Structures are given as structure tokens and as C-alpha cells.
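Step one of this worksheet: look at the structure below.
The values are calculated or read from the model by the stated rules, or taken from the named source; none is laboratory data. Just so it is clear, the structure is predicted and the values come from calculations on it, not from any experiment. Please note: Cβ atoms are built from the backbone with ideal geometry, for glycine as well, and neighbour counts cover all protein chains shown. Accessible surface is based on the protein model in full, side chains and every heavy atom, while ligands, DNA and RNA are left aside. Shrake-Rupley method; radii C 1.70, N 1.55, O 1.52, S 1.80 Å.
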Amino acid sequence: MCGLSGEMRFDGTRPDLAAVERMSDRLAPRGPDGQGVWTRDAVALGHRRLKIIDLSERGAQPLTDTTGEVTGVFNGCIYNYRELRAELVALGHRFRSTSDTEVVLAAYRQWGTACVDHFHGMFAVALVEHRTGRLILIRDRLGIKPLYLARTPGRLRFASSLPALLAAGDVDTSLDRAALHQYLSWHATVAAPRTVLAGVRKLPPATVRVVEPDGTHRDHRYWQPSYTRRPEHLGMDAAEWRDAVLDALRTAVQRRMVADVPVGVLLSGGLDSSLIVALLADEGQRDLATFSVGFEAEAGDEGDEFWYSDLVAREFATDHHQLLIPSRRVSTALDGAVAAMSEPMMSHDVVAFHLLSEQVSRSVKVVQSGQGADEVFAGYHWYPRLADAPREEEPQRYAETYFDRSHQDLSAILRPDMLTEDDVCGRFVREHMAVPGAETALDAALRLDTHVMLADDPVKRVDNMTMDWGLEARVPFLDHELVELAAACPPELKLADGGKGVLKEAGRKLLPPEVVDRPKGYFPVPAITHMAGPVLERVRDALSAPEAKRRGVFQDSYVTALLAAPDRHRTKRGANALWQVALLEIWLQTHGI
């Protein structure tokens, strides 16, 4: 787990090594244990290292393979690297280190871009072929590890975070109107390849990009599971599906214990994180470090779920750490969390994750987390509404259920020059749901949420907040084999029991019933939900700042109405509309835009 950066020139000049070093410096929190820069011909690579596997200097990056043919930088973890290493040794490869990075280089030499088919893990990779001068950029199947791109005539820069690209300079920071449409419609999600900045793009998940020395490139999407019922599963009853899911999750959790340092668990007390703890305990893990965070209540809204996390910690005898955050701390922590965001993220729990990560990083370098289960196993409240939609109505039903606002609503919010002519988000959903490979309306919705929305909301949030403290977060519910199994699972088994039915049945074999049968919880941060005093002051300051006036994104009348009743205006999905609007401005100002 690390931070990578680099530059490739197409105009015959040498890469700007100082710019790469500035990007690398900005990535220092992601990799506080080491740094390195490499350059050859038209390419320069930078790296910041977080030591998780092979703690020696032999695992330092940028790393060149033993033959001197390929140099690369790597962010993430290949969980099956030991097995791959043995296979590659049998094929004649030699290794200097015990790092998974060197396995990635050897795998590329052996299998070319098809190496990704051999990897179990989360990864962003940049490789340079010395002979051809090609640059190969790779992102993992579910987009767990980020990779941002900024292209100008004659040059491509890339980095693990958007702020790192800003640190390099010469980025078009004008707002992308289509991305702004997505931000306001999809709960602040902006789907790859876009970001809110016109000059920055993201490599999509499950993508290999080969960049030629002249700047031309080709993309290959190497993975997309089918959301259909498959012949090998015919005849499986509910109990067999429960056992199959539990076995796949057990394997996913075991894979994510691979490390040369201790691994803990972020324990909310919900079904997902509790299952991770239970499975580790079932495998004989003792004195597992677990961590929970809660907040002061506001306006009668409780801010913690400690009763449940304490119950699980006692049941499995974990070494449990509980952190309670007062409301006044939320406002002071807000700016740090926003500075850590590669893109603006409005979910209230972003501050919670940032504060929790700060504390957890003092005890461990690696944690497992339960993100992704709701998208993969249909845990959200809107999925039953989609289940009975006729196929021709599913895009409209999805929009009615999932969108914060309609396309028409935006005309009262955005200034005219910030509006798009067409319904960007509606068209995106229609096109996605028309792609073959989804058997039912629910299958199509789960495919969209798992492979588009998930990567650019909860997954990005966890990566950004943990890595800002040099903490590696691993997400077993996004093990690609588990996702493939869940995609094939009959929708009625996922929707059963109020959602995540098949996962709840698996939980009944391991967890106390109070945890399995509890109402669905969210990571509450009441001080933000209700715009408590200091948070509201920060919001007012951002929206009245000269930069906000100069930018002129939102209608003055709309902002005035929001500020007049900060806790009243809600989006269709129940989010605080003032917070969504203000967060964008706070993020832009924090990053000097």
C-alpha cells in the first residue's frame, strides 16, 4: 500500500522530475516509510512506500525486475503473491525480494497485460517497458485503489490522488459540467473517467491502459461478472447458497490477513464488520485488535452504535478500542478530512473515518473493513422498489429511487453557464442498464451500484481517509470471486429478510441474533447531519468567500434559502442539501482552486 506518481512525455523532451517529486511529496501520508524516484528517456516514476510486505529495503520502489526489462510502481496488495511467486519461480523467474511488487513485475513479463487475470487483490500499477518505451497503467477490478490522470499536449501525468496532480501544476481546474451534474444527482458520486475538474480524469476500474511513446493509447476492460443465473448453480437451495456465500467470504477474509505486520478490523457493530470478526475468530485468531468510533448526540439523534460493537467485541474476545468524538471536534477535524479527499465526498461518515483512522494508525498499519456488502448483497432500502420494475421502466425507477435530484431540479440550483443541455445522469443510467448481462431489473441496478457507484463513493472514501494516516484498509466483501458469486445469486435470496437475506442467514451461523436482526445502521455524525453551530459557521464562511463569488456555481437565491433554514432542505435521498452544496466549495477552496 503506497502512493505512486509519474510523467510521460510525447514531445521529445525529458520528463519534469521536479514535478514528479512534488507529486511524490504530496503523497507522503500514503507512504510515510520510504520514497524513491526513477527516470529513463521519456518517463519518470515516483513512489511513497508504506511497509506492509517485505519490510526490508529490497522492497523499495520504483523497482526494476531482475532482467532489467521492466520498471514499475505499485499501490495495493496482491493477496496471492506467494502462490504466484512459486509459480513464476517454476517458470524460471528469479527474485531479489519477497515483495508482492516484484511478483507484479515478473507476472507482467510472463503474461503481459493478461497478468491481471492472475491477481487476487487491490492494485494500481504503472509499468514501463524499457525496450519499447510503453507505459502500462492498471487498476483493480472494483476500483479499490485510485489512479488519477492529467493530460496536456505532449504530456501525461498520473498519481494516486488528485491533489498530487495539483501539486505538480499546470492542471485545467475549470469545473466539468457533466461531472457537476453527477455530483448533485448521485450523492456526490462522479463516475470514472470524470472528476469535477475538467483537466483530471480517472482510469476506470478493471482497466488496463497501454500508452505508446507517441501518446496514443488503447484500453482493455478485463473483468465484468455476469448478473445472470448460471448453469453450475442450478438446483441450489437457500441453505446451499448461504453456505457458498459464507465459504467465499471466509476465503476473502483469510486472503486479507496476508501481511508482515498485524491486521485489525474496523468494527461498527453491524452485520458486515461483525462477520469479519466472527470469521477471524472462527479461524483461531486471538486478541484481534478491533476499533469503533461514535459521536455526541445532536437534536435527539444518537451518534454511536457502541452497544452492538461492544457486544461483538465481548463475544469474540477482541482487543477492542472505542473512540467517542465530541461535536466540537467534528468542526475542527472537518478541514483535515476535506484536505484528504481526492474528490469532494459529502457522506457524513467521511469525517468519522478520518478521525478513526488517525487513532487506529497508532496501533496497526492494516485493517479489514465491511464496505461494499450493501451494494453486493442488496442491503439498501431502495432495492425492493427496483425488483418488480418492468425492464423498460427500470432506468426511470432507478432515477426516482436513487437520484438526489432530477435534471429539471438543477435549473433552480445551478447558474445557467453551469448547466448541461441534456440529462447527463439519466442518459448514463439508461445506457448502462441497456448493456446485456443483467437478467432482471434488480440485477441491472446492482451491477450499476457495484461497478460504478461503489468505487466512487464508499470505496474512495475509505481509501482516502485511511491512507491519509498511512493506514491500509482491505475490503473482503469486494473480493472479486465473492462478487462474482453474489452476482449470480438469485435476487429473491438477496432481498429476503429486509435485504442482504443470504448474508444474514450466513451471519446466523456465527453471530449473536441481536447483531443479525438489528435495524440497519448508518455511520451517524449528527453534528454534520443537523448543521451544528461550528459546522454551520464553516459552511457560511465557504459560501461567502471571494472564491465562491468569483466561481459563481450556484444560484444566489438557492444558497440564501439553504442558509436561512440549514437543517430543513433535504434531497430526495434525505441528504442535507446545504452540506452537499457547501462541501463542493470547501473542497475547491481547500485545494487552492
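Of all residues in region 556-567, which are open to solvent by 50 Å² or more (accessible area, probe 1.4 Å), in a loop (DSSP other than H, G, I, E, B) and without any contact (Cβ under 8 Å) to a residue 40 or more places away in the chain?
None; the set is empty.
State all residues of region 63-78 that are under 28 Å from Leu471 (Cβ atoms) and surrounded by fewer than 23 Cβ atoms within 10 Å (Cβ to Cβ); if no residue qualifies, say none.
If the condition is that a residue be under 28 Å from Leu471 (Cβ atoms) and surrounded by fewer than 23 Cβ atoms within 10 Å (Cβ to Cβ), then Thr71 is the only one that fits.
Outside any loop (DSSP other than H, G, I, E, B) and at negative phi: which single residue out of Pro225, Pro213, Pro163 fits that description?
Pro163
Restricting attention to region 129-145, and to residues there that are open to solvent by 10 Å² or more (accessible area, probe 1.4 Å) and assigned to a loop (DSSP other than H, G, I, E, B), which single residue is farthest from Pro205 (Cα to Cα)?
Among residues in region 129-145 that are open to solvent by 10 Å² or more (accessible area, probe 1.4 Å) and assigned to a loop (DSSP other than H, G, I, E, B), the one farthest from Pro205 (Cα to Cα) is Arg131.
Assuming Gln580 fulfils every condition listed in (1) open to solvent by 10 Å² or more (accessible area, probe 1.4 Å); (2) of a type in the set (S, T, N, Q); (3) within 15 Å of Leu334 (Cβ to Cβ) apart from one, which condition is it?
It fails just one condition, (1).
Has region 370-387 got any residue that is open to solvent by 20 Å² or more (accessible area, probe 1.4 Å) and more than 22 Å from Cys489 (Cα to Cα)?
The answer is no, given that none of the residues of region 370-387 is open to solvent by 20 Å² or more (accessible area, probe 1.4 Å) and more than 22 Å from Cys489 (Cα to Cα).
In region 117-128, how many are assigned to a strand (DSSP E or B) and touching a helix residue (DSSP H, G or I) at 6+ places or on another chain (Cβ under 9 Å)?
Residues in region 117-128 being assigned to a strand (DSSP E or B) and touching a helix residue (DSSP H, G or I) at 6+ places or on another chain (Cβ under 9 Å): 5 in total.
Okay, residues lined up against (1) without any contact (Cβ under 8 Å) to a residue 40 or more places away in the chain; (2) aliphatic (A, V, I, L, M); (3) at positive phi:
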site	(1), (2), (3)
Ser342	no, no, no
Leu356	no, yes, no
Val367	no, yes, no
Gly372	no, no, yes
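Per-residue answers, yes or no, for (1) aliphatic (A, V, I, L, M); (2) under 25 Å from Leu588 (Cα atoms); (3) surrounded by fewer than 19 Cβ atoms within 10 Å (Cβ to Cβ):
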{"position": "Asp176", "(1), (2), (3)": "no, yes, no"}
{"position": "Leu203", "(1), (2), (3)": "yes, yes, no"}
{"position": "Val210", "(1), (2), (3)": "yes, no, no"}
{"position": "His217", "(1), (2), (3)": "no, no, yes"}
{"position": "Arg221", "(1), (2), (3)": "no, no, yes"}
{"position": "Thr228", "(1), (2), (3)": "no, no, yes"}
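Quick one: which residue in Asp247, Asp243, Asp219 is within 30 Å of Glu7 (Cα to Cα), modelled with pLDDT of 95 or more and charged (D, E, K, R)?
Just a single option satisfies the conditions, and that option is Asp219.
Out of the residues in region 38-79 that are among the polar types (S, T, N, Q) and under 26 Å from Arg134 (Cβ atoms), state the one that is farthest from the chain's Cα centre (by Cα).
Thr67
It is to be established whether one or more residues within region 132-144 are hydrophobic (A, V, I, L, M, F, W, C) and without any contact (Cβ under 8 Å) to a residue 12 or more places away in the chain.
No, region 132-144 contains no residue that is hydrophobic (A, V, I, L, M, F, W, C) and without any contact (Cβ under 8 Å) to a residue 12 or more places away in the chain.
Which residues, counting only those in region 35-84, are free of Cβ contacts under 8 Å to residues at least 24 places away in the same chain and of a type in the set (S, T, N, Q)?
Matches in region 35-84: Gln35 only.
Would you mind stating whether Lys509 is outside any helix (DSSP H, G or I) and either surrounded by fewer than 24 Cβ atoms within 10 Å (Cβ to Cβ) or charged (D, E, K, R) (or both)?
Yes; evaluated as a whole, the condition is true for this residue.
Has region 177-194 got any residue that is in a helix (DSSP H, G or I) and under 30 Å from Asp16 (Cα atoms)?
Yes, the conditions are met somewhere in region 177-194.
Within region 385-426, track down each residue that is within 24 Å of the chain's Cα centre (by Cα), assigned to a helix (DSSP H, G or I) and not aliphatic (A, V, I, L, M).
Within region 385-426, Tyr398, Thr401, Tyr402, Cys425, Gly426 qualify.
Can you report the number of residues in region 178-201 which are open to solvent by less than 10 Å² (accessible area, probe 1.4 Å) and closer than 27 Å to Leu135 by Cα?
6
Might you check whether a residue that is more than 29 Å from His480 (Cβ to Cβ), in contact (Cβ under 8 Å) with a residue 40 or more places away in the chain, open to solvent by 10 Å² or more (accessible area, probe 1.4 Å) and touching a helix residue (DSSP H, G or I) at 6+ places or on another chain (Cβ under 6 Å) occurs anywhere in region 244-251?
no
Out of Arg551, Arg570, which single residue is open to solvent by less than 70 Å² (accessible area, probe 1.4 Å), of a type in the set (Lys, Arg) and out of contact with any Ser or Thr (no Cβ under 7 Å at 6 or more places or on another chain)?
Arg551
Identify all residues within region 348-369 that are surrounded by fewer than 22 Cβ atoms within 10 Å (Cβ to Cβ) and among the small types (Gly, Ala, Ser); write none if there are none.
Of everything in region 348-369, those that are surrounded by fewer than 22 Cβ atoms within 10 Å (Cβ to Cβ) and among the small types (Gly, Ala, Ser) turn out to be Ser361, Ser363.
Name the residues in region 80-94 that are within 26 Å of the chain's Cα centre (by Cα) and surrounded by fewer than 20 Cβ atoms within 10 Å (Cβ to Cβ), would you?
Asn80, Arg82
Scan (1) modelled with pLDDT of 95 or more; (2) under 30 Å from Leu563 (Cβ atoms); (3) open to solvent by 50 Å² or more (accessible area, probe 1.4 Å); (4) hydrophobic (A, V, I, L, M, F, W, C) for the single condition Val435 breaks and write down its number.
Going through (1) modelled with pLDDT of 95 or more; (2) under 30 Å from Leu563 (Cβ atoms); (3) open to solvent by 50 Å² or more (accessible area, probe 1.4 Å); (4) hydrophobic (A, V, I, L, M, F, W, C) one by one, Val435 breaks only (2).
Inside region 469-489, can you point out the residues that are outside any helix (DSSP H, G or I) and open to solvent by 20 Å² or more (accessible area, probe 1.4 Å)?
Within region 469-489, Trp469 is the sole residue that qualifies.
Please specify each residue of region 421-432 satisfying the condition of being open to solvent by less than 10 Å² (accessible area, probe 1.4 Å) and under 25 Å from Lys500 (Cα atoms).
Val429
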